[in-house]
1. Return only the number of the condition from (1) buried (at least 17 other Cβ atoms within 10 Å of the Cβ); (2) in contact with a helix residue (DSSP H, G or I) (Cβ under 6 Å, 6 or more places away or on another chain) that Arg114 does not satisfy.
2. Looking at region 57-78 only, could you name the residues that are in a helix (DSSP H, G or I) and either in contact with a strand residue (DSSP E or B) (Cβ under 7 Å, 6 or more places away or on another chain) or aliphatic (A, V, I, L, M) (or both)?
3. Is region 46-60 home to any residue that is more than 22 Å from Lys135 (Cα to Cα), hydrophobic (A, V, I, L, M, F, W, C), within 12 Å of the chain's Cα centre (by Cα) and not assigned by TED's automatic domain parsing to the domain that holds Asn170?
4. Show me the helices (runs of 4 or more DSSP H) found entirely inside region 79-167 where at least 3 residues are touching a residue at least 24 places away in the same chain (Cβ under 8 Å) and out of contact with any Ser or Thr (no Cβ under 6 Å at 6 or more places or on another chain).
Amino acid sequence: MQTPSRTTVTEQPLLTPVPPVGQEDRVESVFARVRERLGFVPDALCLYSFSPPLLEAFVANIGYFRDGTGLPPTLTTFIRYLVSSDAGCRFCIDLNEGFLAHLGVNLDAARAARADIEAAPLELRERLLLKLALKSVDAPQDIDSEDLKAVRAQGWSDRDIFDAVVQAANNRALNFVLRSFKVEQQGVFA
């Protein structure tokens, strides 16, 4: 995957990430693996270089959702994309649009899903789990046994349900971290 296009940045980040003294090689080792996989290091990961243990944990989490979960990659990407859209995190919206395009998703259809989840080019069973994941970050108090029953009826396991909700929650947390430090677009640390 190629580096997303760099947009003109109007606001400067509040922090400039610098690995702790003596931990530069540890951070670079993680970044080298990311570059090998993506072809670049997203600025969101650069921000994590302040804390090598958090960087490693974050990248391991990404790896799990790439290779360890039973959820389809298009679904996990839509979870991140729509959670980011709801949170107004421009960086994550743009990055996940790039991932969706790489997965062969029509971007007009993906963008339409931001206004109407039914427009998401996913199977019905995937849209139902997507709705549950979004509900988990928007109104977790409203989730009940009927919600779980509905997605289980579509063949999703309890682990799948848990993974979808965790993916949504983790992404919402990242959205808040990036927005807090004004890392709103790729290229802010260039």
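1. Going through (1) buried (at least 17 other Cβ atoms within 10 Å of the Cβ); (2) in contact with a helix residue (DSSP H, G or I) (Cβ under 6 Å, 6 or more places away or on another chain) one by one, Arg114 breaks only (1).
2. Looking only at region 57-78, we keep the residues that are in a helix (DSSP H, G or I), and these are 57-68, 73-78.
Correct list: Ala57, Val59, Ala60, Ile62, Leu75.
3. Step one: filter region 46-60 for residues more than 22 Å from Lys135 (Cα to Cα), giving 46-60.
Still in the running and hydrophobic (A, V, I, L, M, F, W, C): 46-47, 50, 54-55, 57-60.
Next, only the ones that are within 12 Å of the chain's Cα centre (by Cα) stay: 58-59.
Then keep just the ones that are not assigned by TED's automatic domain parsing to the domain that holds Asn170; that gives 58-59.
For region 46-60, residues more than 22 Å from Lys135 (Cα to Cα), hydrophobic (A, V, I, L, M, F, W, C), within 12 Å of the chain's Cα centre (by Cα) and not assigned by TED's automatic domain parsing to the domain that holds Asn170: present.
4. Working: elements: 90-102, 107-115, 124-138, 145-152.
Because the criterion is at least 3 residues that are touching a residue at least 24 places away in the same chain (Cβ under 8 Å) and out of contact with any Ser or Thr (no Cβ under 6 Å at 6 or more places or on another chain), the helices (runs of 4 or more DSSP H) in region 79-167 that meet it are 90-102, 124-138.
The values are calculated or read from the model by the stated rules, or taken from the named source; none is laboratory data. The structure displayed is predicted, hence computed values, not measured ones. So basically every Cβ, Gly included, is an ideal-geometry build from the backbone, and we count neighbours across all protein chains shown.
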